[in-house]
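This report refers to the structure that appears directly beneath it.
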Amino acid sequence: MTLLLRSLLLLKEKEFQASSIQAKIDARNDNFTNDISTFIESALSRTRRRIVLDRVFIDHPTHPTLLTSPDAIDQEVIEHFQNFVPITSTFPSSIQDLPER
């Protein structure tokens with residue numbers, strides 16, 4: 001009886017393993033078709049690194065504010081990168097201004 005149960009358990013385990021492998025293959029194929037960046041990250045075994053901002057402190061001299069609303073945080077981050085981070089590269093005004101190299 002135990003030999004029969006053990007055989008059944010091994011059979012079910014192999015079926016589960018095969019279905020898990022097939023599901024991963026199907027997901028990778030789907031990513032190749034529909035989401036190429038996820039496919040590339042998966043193929044290279046990379047994970048997407050993100051910074052999650054759940055609060056932002058605005059250090060204003062007369063009116064310091066702590067933002068916790070996701071919409072307000074998103075808006076403040078957009079404003080920060082549009083106004084406070086300088087754009088360092090400048091485009092040449094004509095072809096003659098391009099460097100030789």
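All told, I73 falls short of being out of contact with any Phe, Trp or Tyr (no Cβ under 7 Å at 6 or more places or on another chain), of a type in the set (A, V, I, L, M) and part of a loop (DSSP other than H, G, I, E, B).
Here is a yes/no grid of residues against (1) at positive phi; (2) more than 24 Å from the chain's Cα centre (by Cα); (3) in a helix (DSSP H, G or I); (4) of a type in the set (S, T, N, Q):
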site: I21; (1), (2), (3), (4): no, no, yes, no
site: I25; (1), (2), (3), (4): no, no, yes, no
site: S42; (1), (2), (3), (4): no, no, yes, yes
site: R46; (1), (2), (3), (4): no, no, no, no
site: L53; (1), (2), (3), (4): no, no, no, no
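Residue count for segment 76-97 satisfying the condition of being of a type in the set (D, E) and in a loop (DSSP other than H, G, I, E, B): 0.
Just so you know, all these numbers are worked out from the coordinates, no wet-lab data involved. The shown structure was predicted, so the numbers you read here are calculated from the model rather than taken from an experiment. So basically every Cβ, Gly included, is an ideal-geometry build from the backbone, and we count neighbours across all protein chains shown.
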